[in-house]
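Input: a single structure, listed below in structure tokens.
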Amino acid sequence: MSEILTYKQGQRDGKACFELEGVINEEVDLKFMAELPAGDVIIDSKNVERINSCGVREWIQSLKTVPEGVNLIYEGCSAAFLDQINMISNFTGEGKVKSIYVPYVCESCDGKQDLLVDLDECLVDEELELPEITCEDCDEEMELGDDPDQLFSFLE
């Protein structure tokens with residue numbers, strides 16, 4: 001992973017998509033946020049490795065520059081990105097978190113796997129129903145690798 005944040009701009013499902021990669025810190029350049037196109041815009045953070053406190057400040061400042069008429073949709077939120085969403089109440093601005101990577105662990109072989117979870121598919125009658133998955137190494141059922149109350153506190 002890169003020590004600086006980079007992004008690739010493209011399209012996904014007919015929407016503008018910005019795939020972020022690297023580290024969000026005091027050196028981050030987020031000027032592109034002020035130039036986002038109107039409509040739904042996907043921010044994919046699956047490759048954001050780390051965010052420090054200065055990076056949090058820079059991110060929140062950049063959200064203030066997002067033009068009116070832009071609807072941010074956060075997809076593929078990495079553990080680092082999700083940690084900030086759960087700790088900082090305005091980390092997503094007015095945006096919607098659509099999908100996150102959920103950590104699973106295998107008690108049998110200590111295997112680990114991050115599963116991309118679409119929150120729209122997992123929220124049933126305001127209750128979170130996570131998929132059950134099988135360990136790729138030993139075929140045993142895996143368990144959630146984090147406290148669900150902490151992992152999903154942003155939903156409250």
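Among the residues of the range 1-25 satisfying the criterion of being among the charged types (D, E, K, R) and surrounded by 11 or more Cβ atoms within 10 Å (Cβ to Cβ), which is nearest to Phe81 (Cα to Cα)? Show your work before the answer.
Kept after step one, since they are among the charged types (D, E, K, R), are these residues of the range 1-25: 3, 8, 12-13, 15, 19, 21.
Okay, now just the ones that are also surrounded by 11 or more Cβ atoms within 10 Å (Cβ to Cβ), so 8, 12, 15, 19, 21.
Details: Lys8: 17, Arg12: 20, Lys15: 21, Glu19: 13, Glu21: 11 Å.
Across the range 1-25, the extreme among qualifying residues is Glu21.
With the requirement that a residue be touching a residue at least 24 places away in the same chain (Cβ under 8 Å), of a type in the set (D, E, K, R) and either within 12 Å of Val102 (Cα to Cα) or surrounded by 12 or more Cβ atoms within 10 Å (Cβ to Cβ) (or both), what does the range 130-140 give you?
Here is the first cut: in the range 130-140, the residues touching a residue at least 24 places away in the same chain (Cβ under 8 Å) are 130, 133, 135-138, 140.
Those still in the list that are of a type in the set (D, E, K, R) too: 136-137, 140.
Listed by number, the residues that qualify are Asp137, Glu140.
Yes/no matrix, rows are residues, columns are (1) modelled with pLDDT of 95 or more; (2) in contact with a Ser or Thr (Cβ under 6 Å, 6 or more places away or on another chain); (3) more than 24 Å from Val48 (Cβ to Cβ); (4) of a type in the set (D, E, K, R):
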position	(1), (2), (3), (4)
Phe81	yes, yes, no, no
Gln84	yes, no, no, no
Phe91	yes, no, no, no
Gly95	yes, no, no, no
Ser99	yes, no, no, no
Glu121	no, no, no, yes
Glu126	no, no, yes, yes
Pro148	no, no, no, no
State all residues of the range 141-153 that are surrounded by 12 or more Cβ atoms within 10 Å (Cβ to Cβ) and either in a loop (DSSP other than H, G, I, E, B) or hydrophobic (A, V, I, L, M, F, W, C) (or both); if no residue qualifies, say none. Met142, Leu144, Gly145, Asp146, Leu151, Phe152
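Sort out which residues of the range 50-69 are assigned to a strand (DSSP E or B) and surrounded by fewer than 18 Cβ atoms within 10 Å (Cβ to Cβ), and write them in order of number.
To start, the set of residues in the range 50-69 that are assigned to a strand (DSSP E or B) comprises 50-51.
Answer for the range 50-69, where residues must be assigned to a strand (DSSP E or B) and surrounded by fewer than 18 Cβ atoms within 10 Å (Cβ to Cβ): just Arg50.
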Every pair of residues 6+ apart whose Cβ atoms lie under 8 Å, when the first sits in the range 59-84 and is assigned by TED's automatic domain parsing to the domain that holds Val41 while the second is assigned to a helix (DSSP H, G or I) and modelled with pLDDT under 95: Leu82/Leu151; Leu82/Phe154
For the range 70-94, give me the residue count where each residue is in a loop (DSSP other than H, G, I, E, B) and of a type outside the set (Asp, Glu). 8
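Looking only at residues in the range 37-49 that are in contact with a helix residue (DSSP H, G or I) (Cβ under 8 Å, 6 or more places away or on another chain) and not small (Gly, Ala, Ser), which one is surrounded by the most Cβ atoms within 10 Å (Cβ to Cβ)?
Initially, the range 37-49 is screened for residues in contact with a helix residue (DSSP H, G or I) (Cβ under 8 Å, 6 or more places away or on another chain), giving 45, 48-49.
Restricting the remaining residues to those that are not small (Gly, Ala, Ser) gives 48-49.
Numbers: Val48: 25, Glu49: 17.
Within the range 37-49, the match that is surrounded by the most Cβ atoms within 10 Å (Cβ to Cβ) is Val48.
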Please find, among Lys8, Lys31, the residue that is more than 22 Å from Tyr101 (Cβ to Cβ) and in the same structural domain as Glu75 (by TED's automatic domain parsing). Lys31
Residues of the range 95-129 being surrounded by fewer than 13 Cβ atoms within 10 Å (Cβ to Cβ), assigned to a loop (DSSP other than H, G, I, E, B) and in contact with a strand residue (DSSP E or B) (Cβ under 7 Å, 6 or more places away or on another chain), in sequence order, are Glu107
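Please tell me if Glu26 is closer than 16 Å to Ile4 by Cβ, touching a residue at least 24 places away in the same chain (Cβ under 8 Å) and out of contact with any Phe, Trp or Tyr (no Cβ under 7 Å at 6 or more places or on another chain). Spell out how you get there, then give the answer.
Details: closer than 16 Å to Ile4 by Cβ: yes; touching a residue at least 24 places away in the same chain (Cβ under 8 Å): yes; out of contact with any Phe, Trp or Tyr (no Cβ under 7 Å at 6 or more places or on another chain): yes.
For Glu26, the condition - closer than 16 Å to Ile4 by Cβ, touching a residue at least 24 places away in the same chain (Cβ under 8 Å) and out of contact with any Phe, Trp or Tyr (no Cβ under 7 Å at 6 or more places or on another chain) - is met.
The values are calculated or read from the model by the stated rules, or taken from the named source; none is laboratory data. Values in this document were obtained by computation on a predicted structure and should not be read as measured data. Quick reminder, even Gly has a Cβ in these numbers, built from the backbone with ideal geometry, and neighbours come from all protein chains shown.
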